[in-house]
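First the structure, in the form of structure tokens, and then the observations on it.
The values are calculated or read from the model by the stated rules, or taken from the named source; none is laboratory data. As the structure is a prediction and not an experimental result, all values here were calculated from the model. In this analysis, Cβ positions are derived from the backbone assuming ideal geometry, glycine residues included, and neighbour counts consider all displayed protein chains. Ligands, DNA and RNA are excluded from the accessible area calculation, which covers all protein heavy atoms including side chains. Shrake-Rupley method; radii C 1.70, N 1.55, O 1.52, S 1.80 Å.
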Amino acid sequence: MNPVFPHRQTAHCETGVIANLLTYHGLPLSEAMAFGIGGGLFFGYLPFIRINGLPLTTFRTAPGSIFNRVTKRLGIGVARSTFRDSDRAMAALDRYLAQGVPVGMQAGVYWLPYFPPALRFHFNAHNLVVYGKRGDDYLISDPVLGEPVVCAAADLARARFAQGALAPKGKMYCITSVPKQLDLAPAIRQGIREVCRYMLSVPFPLIGTRGIRYLANQVERWPAKLGDQRAILYLGNQIRMQEEIGTGGAGFRFIFAAFLQEAADILGDGQFLELSQRMTAIGDLWRDFAVAGARHCKGRAGQGEDFADLSHILRRCAAQEDALLRELSSLVRKP
Amino acid sequence: MQKNEVPQDEALFNGMREVCYAVDDSGRYVLAESAGWEPANIANIQAWEVIRSEVTAVLCKVRAGELSPLAYQMARHQMNAKLLSGYAGLFCWQVRRHLKPGPFRKLKAAQLTRYATIFKISAEELCRIPESSEIGDIQR
């Protein structure tokens, strides 16, 4: 008996798990749609949270929240559990697998042996689906990989009980009930409204488009405040947060643009198409920032490329996202 | 990003491909494979260089008798005392104490095995002071 799972490679792990799990349960949903309905787009610069001594920047909402919102908005039943004990966690997983139910779970990247070595940092908010067991090995559909993989039980147990920030504590979830038909239109509106709320009107200067501006001001001061060497480290870290950890800032902007494109078809409103194109341009702008920043890290910065120019790019990102989201917000408020 | 602009800068993925969203000729979004992207590679390599130099610095201290071999294993695995204490089921101050050569030497065999299991090595390997720092062989 070989269990089958509709594995699709996706750009982001959490939305990929949602899309693949729902597709397995007979509700084909794209990754971009899951990202948009879950209100995944976000920005937060959180210098008081340090990762290896460097400030945290996030381009997406808290891990797990996209999944929670998508399932709630689409009326999907979910069973979630966390564990204190690794043996119990693995036994519970085996029980689900024996019933033929694929299980989504949170895991630490560092202990997953199938991951490329160069990407194995202590990052705990990775998501994957376990869909079968062969002997002592588990069959895993990891949405950021091209093909399903096999992972030894001991390694998976380690990854499920990785320690540190955002420790997964064996967290696993599976879908228990699905509606007969997906009613996407209201869920899309809810998702967009939420993104607009978080990006535009959180009364805290480090969140949303205000947060991007705050980061821009900080970037400008880094060389004076930290010295050249630390400033380069901070910048490199910023680029990694943007482009590597969880698909990155530009990547999420592109996923959101893809979502707006799908939303235009479903809601039958061409204005979303135009906004989608503008969102693509914003994603490209974020990539420009990474390109210019990386040249700095390499010590290859040309003329007109000091930290002030980098922060200038960020300010343009902030301004354009601000304008776009305000339009989007008025668009979904229409009855 | 246009589909034909999707970067293919192979460096870190070991032949793996990631997918990303890009616009095709007709303006629709499609998934496109990427082998990596130069700016992200640069930032990642920079992060590894920082880790590597930290490990080397710790190893020097271990060889000079300022730190215990546990500190070397901890650095190799990109951990700090807080993270390691989580894995070991100890208090942070206990782990910090074990980073000193004196208290480390007095550790019981059971405790050494406990640490060694975390790093997937034997207790003897844990106590050995290596000649040169290696972080490439962690990825087993």
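The figures follow:
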| item | result |
| --- | --- |
| Scattering curve values for region A:22-138, log₁₀ I(q)/I(0), Debye with Cα scatterers, q = 0.16 Å⁻¹ | -1.03 |
| Fluctuation leader among A:Ala187, A:Ala162, A:Ala62 - chain A, Gaussian network, Cα springs under 10 angstrom | A:Ala62 |
| Label point distance in nm, A:Gln99-B:Cys92, each placed 7 Å from Cα along Cα→Cβ | 4.0 nm |
| Dipole in debye (nearest 20) - chain A, about Cα centre, beta carbon charges: Lys, Arg +1; Asp, Glu -1 | 860 debye |
| Span from the region B:1-79 Cα centroid across to the region A:210-275 one, whole angstrom | 19 Å |
| Loop GluC sites (Glu not before Pro), region B:55-128 (other Cβ atoms within 10 Å of the site Cβ: 16 or fewer; DSSP) | B:Glu66 |
| Per residue solvent-accessible surface (Å²) - region A:184-333, probe of 1.4 Å | 40 Å² |
| Positive-end residue of B:Asn14, A:Ala165, A:Asn217, charge dipole of the protein assembly as shown with Cβ unit charges | A:Ala165 |
| Local net charge near A:Leu112, Cβ-Cβ under 11 Å (Lys/Arg +1, Asp/Glu -1) | +1 |
| Average partner coverage of A:101-114, which counts Cβ from other chains inside 10 Å | 1 |
| Inter-probe distance in nm under a simple model that places probes 7 Å from Cα toward Cβ, at A:Ala185 and B:Asp25 | 3.5 nm |
| Relative contact order %, region A:184-333, counting alpha carbon pairs below 8 Å whose residues are six or more apart | 35 percent |
| Nearest 10 degrees, 0 to 90: helix B:38-63 Cα axis against chain B principal axis | 10 degrees |
| Hits among aspartates and glutamates - C-alpha to C-alpha of A:Lys72 under 15 Å, sequence gap 8 or more where chains match | A:Asp183, A:Glu194 |
| All-pairs alpha carbon distance profile, region A:95-202, 10 Å steps from 0, percent | 13, 35, 27, 21, 4, 0 |
| Residue-normalised accessible area of region B:27-123, given per residue in Å² at a 1.4 Å probe | 48 Å² |
| Neighbouring partner chain Cβ atoms per residue of A:10-17, average, 10 Å criterion | 2 |
| 0 to 90° range, to nearest 10: angle between helix A:86-98 axis and chain A longest Cα axis | 70 degrees |
| Kirkwood estimate for the protein assembly as shown, i.e. one over the average of 1/r between Cα atoms, Å | 23.6 Å |
| Cα extents of chain B along the three principal axes, largest first (Å) | 70, 28, 24 |
| Heavy-atom accessible surface of the protein assembly as shown: percent carbon and sulfur, 1.4 Å | 52 percent |
| Angle between chain A longest axis and helix A:271-297 axis [Cα atoms, degrees, rounded to 10] | 70 degrees |
| Cβ-derived FRET efficiency at R0 41 Å, B:Glu54 paired with A:Asp322, nearest 0.05 | 0.55 |
| Area buried, chain B against chain A - accessible surface, total, 1.4 angstrom probe, square angstrom | 3800 Å² |
| Whole-Å semi-axes of the ellipsoid equivalent to region B:65-138 (Cα gyration tensor, √5λ, descending) | 17, 14, 12 |
| Set A:Lys171/B:Lys108; B:Lys61/B:Lys82; A:Lys225/B:Lys82 screened for pairs whose C-alpha atoms are more than 23 Å apart | A:Lys171/B:Lys108; A:Lys225/B:Lys82 |
